[in-house]
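Here's the structure we're looking at; comments come further down.
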Amino acid sequence: MINILLKRSLVRCYSISKRYLSTNTSDVFKLQEHGFFCDNLAEVDSNLRKLVTSKQQTIYCGFDPTAKSLHIGNLVGLIGLLHWQRAGHQPIALLGSATVLIGDPSGRSQERKQHLTNDDIVSNTENIERLIQLIFQNHEKYFWKEQQKKLSPLTVVNNLSFYDNMNTITFVSTYGPHFRMNPLLSRKVIKTRLETSHDGLGYNEFSYQLYQAYDWYCLLKKYNCRFQLGGVDQIGNMRTGHDFISRMTNFEEDTYGVTVPLITNESGEKLGKSLGNALWLDENLSTPYECYQHFRNTPDSKVEEYLKIFTFLPLNEIQQLMETHRNKPHEYAAQIKLAKQITLLVHGG
């Protein structure tokens, strides 16, 4: 199946910006004030800050094409990549046309029942790639146009290319010895499914963390990608990747996992497609008007959090907006600003 998909899926690297690359980097971890990069594999200390401010780093975030479109929860990962790009680093969006065949158990109490055909995966991947490209283009056009610093171009990679001409025997015999069972079984998502799920956990989902780890290893070798970005529910997978790379490189390569927050509604429910409350990034599934109205109706209890996560507004401007909103709540200044900013980023002007 992988070979069939590979023939139909182009692995491409796109330059969103045609300008020269920036060599000036800034401390992206300052965004912890906004709720980003707070739960990480390594402590954000002076050494890590020095690493990201002294030299351009490469960071990736993965997106499995489980549906035709990304949803608003996925946008947080893309915004995380954009923040690293704005800080002078090289972003990679990894499309998981291979790993989607396996299934990520993170954040799920049972295995996905959905079966994707080859055509589904190819179609989903192509559309998700289009959406990612559009968001990066909109960011540069509408949110970076006044800046003097040049942005590093986005690279888009499909992980099908990592498994071309590789079979199960080759993968297990070559890379299996570098995975240790005790740590794999200790991952929270694995333990939870084994202990609480009536159906248990299939080998396919158990092995997902192995393939995600191998993805990172391939990106490290080809792009010197030392950083992985993901939701806080990906910490276990990141740890597996970090440990695997350490063993593969005789502990000579340092890698780092950083997280973006999982976004919830006022009831504490995760915003995503699994619960049927998805706001899609594809204009054919959720229109720009629906996007605007969704965030225009953000409850007062969530609007400040959303402004910090979904926009590029500086903290002092957000605080001023909230002060205005508290003084004149009937004008909905904070919600309107939030809705305009997100709709412009996702759909353009």
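Which of K55/K221; K30/K68; K68/K270; K30/K50 have a Cα-Cα distance over 24 Å?
From the list (K55/K221; K30/K68; K68/K270; K30/K50), the Cα-Cα distance tops 24 Å for K30/K68.
Rounded to the nearest 500, what is the 222 nm mean residue ellipticity of the chain from helices alone, with -39500 (n - 2.57) per DSSP H run of 4+ residues and division by all residues?
-13500 deg cm²/dmol
Amide H of L151: which non-local residues (sequence gap of 5 or more, or other chain) have their own amide H closer than 5 Å, using H built in the peptide plane?
Hits under the 5 Å cutoff: none.
How do S246, S106, S152, S301 rank when sorted from fewest to most other Cβ atoms within 10 Å of their own Cβ?
Neighbour counts put them in this order, fewest first: S301, S246, S106, S152.
Keeping to pairs on different chains or 8 or more places apart, tell me how many lysine pairs in the range 288-347 have Cα atoms under 16 Å apart.
Count of close lysine pairs: 4.
What is the angle, in °, between the Cα long axis of helix 208-223 and the longest principal axis of the Cα atoms in the chain? Nearest 10 is fine, range 0 to 90.
Orientation of helix 208-223: about 80 degrees from the principal axis.
Tally Lys/Arg at +1 and Asp/Glu at -1 over every other residue whose Cβ is under 13 Å from the Cβ of E305; what's the total?
-2
Where in the chain is the longest stretch that carries no GluC sites (Glu not before Pro) classed as loop by DSSP and with at most 13 other Cβ atoms within 10 Å? Each step should come with its number before you reach the end.
Values: sites that count: E43, E146, E252, E266, E269.
Longest gap between qualifying sites, sites excluded: 147-251.
For the chain, which span is the longest to avoid every loop-located (per DSSP) member of chymotrypsin sites (Phe, Trp or Tyr not before Pro) having at most 12 other Cβ atoms inside 10 Å? Display every interim value, and only then the final one.
Numbers: sites that count: Y20, F251.
The reported range is 21-250.
For the range 288-347, what relative contact order do you get, as a whole percent, if you take Cα pairs closer than 8 Å and at least 6 residues apart?
Relative contact order for the range 288-347 comes out at 51 percent.
Which percentage, to the nearest 5, of the DSSP beta bridges contained in the chain is antiparallel?
Close to 10 percent.
Once you keep just the Cα pairs under 8 angstrom separated by 6 or more residues, what percentage relative contact order results for the chain?
The value is 25 percent.
Out of residues 5 or more away from Y60 or on other chains, whose amide H comes under 5 Å of its own, with H placed 1.01 Å from N in the peptide plane?
So Y60 has HN proximity to I92, F227, Q228, L229.
Determine the relative contact order of the range 130-289: mean sequence separation of Cα pairs under 8 Å and six or more apart, normalised by residue count, in whole percent.
Worked out over the range 130-289, it gives 17 percent.
Please report the base-10 log of the normalised intensity I(q)/I(0) for the range 288-347, using a Debye sum with one equal scatterer per alpha carbon and no solvent, at each q in 0.12, 0.13 (1/Å).
Each listed q maps to, in turn, -0.23, -0.28.
For D199, D300, D282, what ranking results if the residue with the fewest other Cβ atoms within 10 Å of its Cβ goes first?
Working: D199 9, D300 14, D282 19.
Lowest count first: D199, D300, D282.
Between (i) 0.94; (ii) 0.99; (iii) 0.90, which matches Cα Rg over 2.2 N^0.38 Å calculated for the structure shown?
The calculated read-out lines up with (ii).
Using a simple charge model, +1 on the beta-carbon of Lys and Arg, -1 on the beta-carbon of Asp and Glu, nothing else, what dipole does the chain show about its Cα centre, in debye to the nearest 20? Let's see the in-between values first.
On the way: 38 positive and 35 negative charges, 154 e Å.
In debye, rounded to 20, the chain gives about 740.
Fewest to most neighbouring Cβ within 10 Å: what's the order for H242, H89, H198?
Values: H242 19, H89 22, H198 6.
Ordered by Cβ neighbours within 10 Å, fewest first: H198, H242, H89.
The numbers here are math on the coordinates, done by the rules we state, and not lab data. Source: prediction; values computed, not measured. Positions of Cβ are generated from backbone atoms using ideal geometry, with glycine treated the same way; all protein chains shown enter the neighbour counts.
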